[in-house]
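What follows is a set of notes on a single structure, which appears directly below.
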Amino acid sequence: MREELIRVEHVSKYFAGVKALDDVSFSINRGEIRGLVGENGSGKSTMIKIIAGVYEPDRGDIYINGKHYKRLTPIASIQEGIQVIYQDFSLFPNLTVAENIGINRVISKGGRVVNWKEVYESAKEGLSRVGTDISLDAITGKLPAADRQIIAIARALLEDARLIIMDEPTTALTQREIQYLFKTIKDLKKQGISILFVSHKLNEVKEISDSVLIFRDGKKVLDQEAEELDIKTMEYYMTGRRIDTSSIAYSEPEEAPPLLKVKNLNLNPYFSGISFELKPKEVLGITGLLGSGRTELALSLFGELPAESGEIWLEGKEIFIRRNQDAIKEGIAYVPEDRINEGLFLEQPISDNLIVTIADYLASKLGIISNQAKLKTAEEWVDRLEIKTPSVENPVSSLSGGNQQRVVLAKWLASNPKLLILNGPTVGVDVGSKTAIHELIRDLAKQGMGIILISDDIPELIQTCNRILLMRNGKIAEEFQREKVNEEELHRHLVAAKS
Amino acid sequence: MKKILNSHEFVVFLILVIISIVIGLRNPLFFSASAIFDIIRGSIVYCIMALGVLMVLISGNVDISFVAIAAMASYSTHMLLLGLGYTGGIGLYLVIAIFFGLLVGLAMAFITTQFNLPIFYVSLGYQTLWYGFNLFFVGRAMNFDLPEGLVGYYSRFLVRVKDPVAGETGLHVSVIYLLVIAIFIWWLLKYTTFGRGLYAMGGNREVAIRAGFNVKSITYLMLALSGGLAAVAGVIQSAYSRFFNPVLFMGQDLDVIAAVVIGGAAITGGRGSVIGTILGVVLIQVLNRGLIFMGVSAEWQKMVVGLVLIIFVSIPAIAERRQGRLKYFPVSKEK
Amino acid sequence: MKVNQNMAEQKRDKIFSRGFKFNIEDRVLLLSVVLIVLVIFFGVTKERFLTVNTIRSMAFQCPEIGLMGLGMAIAMIVNGINLSINDTANLSALVAGLSLIELAPLFVGYEFLLVIIAFLIAIGMGIACGALNGLLIGHIGVPPILATLASLTLYRGISVAVTGGKTLTGFPEELSVIGYQTVLGVPIPFIIFLVVGVLMYVVLEHTTFGFKVRMLGTNPTAAKFSGIDNKSITMKVYILSGILGAIAGIIVMSRTNSVAYEYGTRAYILQALLISVLGGISPGFGSIIGVLLATFTLQVISTGFNMLLLGVRGSSFFKDFSWGIIFIVILIIDHLMHRRRGIG
């Protein structure tokens, strides 16, 4: 089965003089599962778009089924059997499953009249190729993410796909759903369909791929069989450096009364019987798979999803949190996972984003905010967190992911919280910012701020936390001391949670 | 069957039946043929306009210019034909008015697609523009000068009944127009790529473009049809009322949109049906006329309708809030 | 990350401003230019246009619609809309009018005090109307366009029911002070309009409340996660909108010395929307200066064409036609300006 499906040779691509792809060559065989790994800005999405015919390469050649292309168009790409499943699945939430799968065929044939029998038949055919039986009449938006993913795959298969490119396909899936997706991918492989699996989750790439490609700064830096690779090596090639953990100074938690004490916290159906303590100067990690209740627990402490029962004690005093404002008043801050939707006002100036939590404090008795005070505070935080921007008046949308995350952090640090809850603080952040954020977390802890770090990034947890709690099915299942656990072990326990 | 029982349309239908029964129990005359025919006649014109509004709402847009288009198309046609000494029936009126309506709709589509402007914004200017056009260029006064062919149009019935109070009344012929239009729009929405494209645009515009729907031409057809339907409604309404009015339907734009929304169309797009729209219009008509039958004085009617509207828009929002907490994370749970 | 960003943008895509953003300074500049050009045009073609009398009459006419435009604008900044603003104005004026009539026997000789009390009652009614909108939108979660559409019907219904559809007249002389008098030659309604405009400017641009309003309008989820009390801000915004409506209602009442449930119902909602959109208001953004300029622009067009076409049949209706055209042309120019710079 070593038959070549697509070969990319010496492809380069520039955007406004900046090299996005630099002399990249690789090939994908029929029935091969290729993993593609790289950080943001490594050129992997540019590569996807070149193969999909959306971008035209500046240099290089593409061969598909032996046919030579200088450049592809979207139509040519589809006709050659290439299908891309984007991260958002590109589905219509208000339409039925049948229509979402079947409508493309009607449009691509240029028809003006919809033959519903045909739509249903092709939808049925698409789903049978994936080997699943989602109800054709279900409204797509009401289905879980895994089903929507399957629908997107079914739709791709109907176009007689020979290569399916999946862009970060597991982002919205639970562990069980991921396993189901992997099974589907392996079935597709058996049918001779090739997969390009694009992800930043190294363990998943290693698990599913036959061979792995790693991009960094627009160059291909590694192309190897997955069996021969371990996660450490992949990480090294991806980031270009061994993360130096020794530089981060640890502070031992004080043997003082706990800063935060949570007793028997419940919220149906998300979590139950949660009890733990957080000591001053301690960084507490909470991990668990998607759906384990880790995010819901954080939101509960922050008042977004108030707990039904249980006690929360902060600095030796019981506090009652019914909504966000209660939590903030008590000195609890929350850096959300989805910073675009929950953390930032993208179109508004950086300065306004930075002062949003302290606007009342900055204002005079009459509620007037002086522009000067606003700018001064904003500039101070831009300096302190080294946010790279020409002006604090620029909109946040003009910043890179890492700098946007620094803005979210700064807006909460400005309120000088007692307890800082961070949910996935380094997702989609470049390596430089990631290290800076880790150092900042340790530094804040040393100054006495209580920190809860929620993450599924195992190296991150081990590097920054003193203690790690593992959640499973809404309960705290295990507890690990940093010095007594290594990455492999923690990963094993985390994945074991699916059983 | 279960699907039908759970649908919004069925709920509206049920409410319609319940309200009718309540009114009928208070005043059995409400169930007389004349009362029913009266409600049907009152609904026809608004249904025709509402079906145009329905398409726009499904696509995720809001348009309030259709009332002005109806007024411009019907009044301009009338003044034109009057000037030419036309004496015939409604046929030529409809043809010319529809032509005007389509033209004006296409022009609006040109503005919104060419300059990437939201339809709602353009329709704001468009409404003043066409009412102003009517009043300044065409004429300021209501015109009662009907051509021979239109005289008596208001009493052209398919089925006649004698009513002790209202005299002779019946099922008006224009119900045929409504039936033809409703079936046509239903077919468009269900069986054409244009119709499915409207739902797709309302569901997610970006994805619709990615999937290959020609969003521009869909917008052209949608606004042209909506303009044409408004024109038909304008002509029929004027023929009913026996005069042509330069400010026909002025101030009723929001009432029509409310009826379509009551019929289950989402103001945010992607949802709505022909049956629901017709039920929504009829419900408002029944409420309006029913209150008279219940002996509620005319002055209090509007207030009662307002209260009903407030309840109607609140119930789905409250229901959504109740499920809100569980819906917070729509990911399936780990077992 | 790219895809995520697109999704977020779509999610917050506002139905009234799909893929459409204003640059506020641009809009103020554009409106200023249009306004100056119009004034010069009318000034040159009609001598009478640039006289004290004409300017004063314009200053008498524009405040009521300008105030409703401000009330619409603040709702649109929180990504809402207030379709009930004109009926709020009428209902508030109506309640004030009724109390003027009912309480008149108690205040013989103190008519001025009575008028002030009536005004306060009107404002109270405006607050109540706004509070119902705020409740429906902020607390219950009804989409603003539907909530205010329903409340519009209710307020108009109450007005019809209370008056029996008739116009109320016969108010004390003191009432017309607001509608007819001038201070140093400047009409009182215009002074009220400017004072309210300045206050609104300060509130929106320089207070924590205005700051929160803009944040809430930009991204309600992030606002909530930043500790902003969305419900309370929404409530306050619609109450403020109701108060602005009530003030407009008072001015109408004292100018016409009468109250009618249907005053302006056919055109004022549309004009308030026109002013707000023309002024460059969009969710989270927009300046009060733009709204004021938009008000003046519409007034100049209306008065100017009236003079220009004096003697032509239906001349007063040309303004509607030209408003529509100028509004659409300004939207188009705005779009082209942005596209040329690669923003739009």
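The values are calculated or read from the model by the stated rules, or taken from the named source; none is laboratory data. Predicted model, so just to flag it, every value in this text is computed and none were measured. Heads up, the Cβs are rebuilt from the backbone with ideal geometry, glycines too, and the neighbour counts pull from every protein chain shown. With ligands, DNA and RNA removed, areas are computed over all heavy atoms of the protein, side chains included. Shrake-Rupley method; radii C 1.70, N 1.55, O 1.52, S 1.80 Å.
Tell me which of these A:F92 doesn't satisfy, since it passes every other one: (1) open to solvent by less than 10 Å² (accessible area, probe 1.4 Å); (2) part of a helix (DSSP H, G or I); (3) within 11 Å of chain B (Cβ to nearest Cβ); (4) not charged (D, E, K, R).
Of (1) open to solvent by less than 10 Å² (accessible area, probe 1.4 Å); (2) part of a helix (DSSP H, G or I); (3) within 11 Å of chain B (Cβ to nearest Cβ); (4) not charged (D, E, K, R), only one is false for A:F92: (2).
Could you identify the single residue in C:I326, C:I289, C:I333 that is open to solvent by 10 Å² or more (accessible area, probe 1.4 Å), in contact (Cβ under 8 Å) with a residue 60 or more places away in the chain and facing chain B (nearest Cβ under 9 Å)?
C:I326
With the requirement that a residue be within 11 Å of another protein chain (Cβ to nearest Cβ), touching a Phe, Trp or Tyr at 6+ places or on another chain (Cβ under 8 Å) and over 15 Å from A:Q325 (Cα atoms), what does the stretch A:292-306 give you?
A:G293, A:T295, A:E296
Please identify the pairs in which a residue from the stretch A:275-297 that is assigned by TED's automatic domain parsing to the domain that holds A:L440 and modelled with pLDDT under 90 has its Cβ atom under 7 Å from the Cβ atom of a residue that is assigned to a strand (DSSP E or B) and open to solvent by 20 Å² or more (accessible area, probe 1.4 Å), counting only partners at least 6 apart or on another chain.
Taking only residues 6 or more apart or on different chains, the pairs are A:E282/A:R467; A:G288/A:R472; A:S292/A:R472.
Can you pull out the residues in the stretch C:119-152 that are free of Cβ contacts under 8 Å to residues at least 40 places away in the same chain and within 14 Å of chain B (Cβ to nearest Cβ)?
Hits for the stretch C:119-152 are C:L132, C:L136, C:I140, C:G141, C:V142, C:P143, C:L146, C:A147, C:A150.
When the residues of the stretch B:128-142 are narrowed to those that are buried (at least 23 other Cβ atoms within 10 Å of the Cβ) and more than 7 Å from every other protein chain (Cβ to nearest Cβ), which ends up farthest from B:S74 (Cα to Cα)?
My answer is B:W130.
If you check C:I145 against the conditions, is it crowded, with 18+ Cβ neighbours inside 10 Å, modelled with pLDDT of 90 or more and of a type in the set (V, I, T)?
no
Of the residues B:V17, B:V95, which is more than 30 Å from B:G270 (Cβ to Cβ), open to solvent by 40 Å² or more (accessible area, probe 1.4 Å), part of a helix (DSSP H, G or I) and free of Cβ contacts under 8 Å to residues at least 60 places away in the same chain?
Result: B:V95 is the single residue among B:V17, B:V95 that is more than 30 Å from B:G270 (Cβ to Cβ), open to solvent by 40 Å² or more (accessible area, probe 1.4 Å), part of a helix (DSSP H, G or I) and free of Cβ contacts under 8 Å to residues at least 60 places away in the same chain.
Would you check if there is a residue in the stretch A:66-74 being modelled with pLDDT under 85, surrounded by fewer than 21 Cβ atoms within 10 Å (Cβ to Cβ), within 14 Å of chain B (Cβ to nearest Cβ) and touching a strand residue (DSSP E or B) at 6+ places or on another chain (Cβ under 7 Å)?
no
Taking the stretch A:436-459, which residues are open to solvent by less than 10 Å² (accessible area, probe 1.4 Å) and either part of a loop (DSSP other than H, G, I, E, B) or modelled with pLDDT under 85 (or both)?
Selection gives A:S455 alone.
Restricted to the stretch A:1-30, and to residues that are open to solvent by 20 Å² or more (accessible area, probe 1.4 Å) and among the aromatic types (F, W, Y), which residue is modelled with the lowest pLDDT?
Ranking the qualifying residues of the stretch A:1-30, first place goes to A:F15.
Taking A:E483 and the conditions (1) outside any loop (DSSP other than H, G, I, E, B); (2) over 23 Å from the mean Cα position of the chain (by Cα); (3) at pLDDT 85 or above; (4) surrounded by fewer than 21 Cβ atoms within 10 Å (Cβ to Cβ), which numbered condition does it fall short on, given that it satisfies the others?
Here A:E483 meets the rest and fails (3).
Here are the criteria: (1) open to solvent by less than 40 Å² (accessible area, probe 1.4 Å); (2) more than 9 Å from chain C (Cβ to nearest Cβ). Tell me which single one A:E318 does not satisfy.
Condition not satisfied by A:E318: (1).
Of the conditions (1) open to solvent by 30 Å² or more (accessible area, probe 1.4 Å); (2) within 7 Å of chain C (Cβ to nearest Cβ); (3) within 25 Å of B:F31 (Cβ to Cβ); (4) not acidic (D, E), B:I318 satisfies every one except a single condition; which number is it?
Among (1) open to solvent by 30 Å² or more (accessible area, probe 1.4 Å); (2) within 7 Å of chain C (Cβ to nearest Cβ); (3) within 25 Å of B:F31 (Cβ to Cβ); (4) not acidic (D, E), the lone unmet condition for B:I318 is (3).
Go through the stretch C:257-278 and give me each residue that's surrounded by 24 or more Cβ atoms within 10 Å (Cβ to Cβ) and either touching a strand residue (DSSP E or B) at 6+ places or on another chain (Cβ under 9 Å) or at positive phi (or both).
Within the stretch C:257-278, C:V259 is the sole residue that qualifies.
Check off (1) open to solvent by 20 Å² or more (accessible area, probe 1.4 Å); (2) more than 10 Å from chain B (Cβ to nearest Cβ); (3) under 28 Å from A:S194 (Cβ atoms) for A:N104 and give me the number that stays unchecked.
Every listed condition holds for A:N104 apart from (2).
Of all the helices (runs of 4 or more DSSP H) wholly in the stretch C:1-78, which have at least 1 residues that are closer than 18 Å to C:R214 by Cβ and modelled with pLDDT of 90 or more?
Here the list reads C:52-77.
Among A:A138, A:A123, A:A156, A:A172, which is within 20 Å of A:L196 (Cα to Cα), open to solvent by less than 30 Å² (accessible area, probe 1.4 Å) and in the same structural domain as A:Y86 (by TED's automatic domain parsing)?
After ruling out the rest, the residue left standing is A:A156.
Which of the residues that make up the stretch B:178-200 are farther than 20 Å from B:V56 by Cβ and in contact (Cβ under 8 Å) with a residue 60 or more places away in the chain?
Listed by number, the list is empty, since nothing qualifies.
When you look at A:V54, is it open to solvent by 50 Å² or more (accessible area, probe 1.4 Å) and within 14 Å of chain C (Cβ to nearest Cβ), yes or no?
When the stated conditions are applied, A:V54 passes them.
Would you be able to say whether some residue in the stretch A:406-427 is open to solvent by 20 Å² or more (accessible area, probe 1.4 Å) and at positive phi?
Within the stretch A:406-427 (the criterion being open to solvent by 20 Å² or more (accessible area, probe 1.4 Å) and at positive phi), the answer is yes, since at least one residue qualifies.
List the pairs whose first member sits in the stretch B:137-149 and is among the basic types (K, R), whose second member is not in a loop (DSSP other than H, G, I, E, B), and whose Cβ atoms are under 8 Å apart, counting only residues at least 6 apart or on separate chains?
If the second residue must be not in a loop (DSSP other than H, G, I, E, B), the pairs left are B:R140/C:F317.
Looking at A:K317, A:K388, which one is on the phi < 0 side of the Ramachandran plot and more than 24 Å from the chain's Cα centre (by Cα)?
On inspection, the qualifying residue turns out to be A:K317.
So C:G165 passes all but one of these: (1) in a helix (DSSP H, G or I); (2) facing another protein chain (nearest Cβ under 7 Å). Which condition number does it fail?
(1)
Going by the conditions given, is A:K388 surrounded by fewer than 22 Cβ atoms within 10 Å (Cβ to Cβ), away from chain C (no Cβ under 13 Å) and modelled with pLDDT under 90? It would help to see each step written out before you state the result.
Working: surrounded by fewer than 22 Cβ atoms within 10 Å (Cβ to Cβ): yes; away from chain C (no Cβ under 13 Å): yes; modelled with pLDDT under 90: yes.
Spelling it out, A:K388 is indeed surrounded by fewer than 22 Cβ atoms within 10 Å (Cβ to Cβ), away from chain C (no Cβ under 13 Å) and modelled with pLDDT under 90.
Cβ-Cβ below 6 Å, separation at least six or inter-chain, first residue in the stretch A:105-132 and within 24 Å of A:P74 (Cα to Cα), second part of a loop (DSSP other than H, G, I, E, B): which pairs?
Within 6 Å, the pairs are A:V106/A:V114; A:I107/B:G212; A:A123/A:L136.
Out of contact with any Cys (no Cβ under 6 Å at 6 or more places or on another chain) and at pLDDT below 85: is that true of A:K232 in this structure?
yes
For (1) aromatic (F, W, Y); (2) touching an Asp or Glu at 6+ places or on another chain (Cβ under 8 Å); (3) under 30 Å from B:T113 (Cα atoms), each residue gets a yes or a no:
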{"site": "B:I18", "(1), (2), (3)": "no, no, no"}
{"site": "B:L25", "(1), (2), (3)": "no, no, no"}
{"site": "B:S32", "(1), (2), (3)": "no, yes, no"}
{"site": "B:D38", "(1), (2), (3)": "no, no, no"}
{"site": "B:C47", "(1), (2), (3)": "no, no, yes"}
{"site": "B:L51", "(1), (2), (3)": "no, no, yes"}
{"site": "B:F66", "(1), (2), (3)": "yes, yes, yes"}
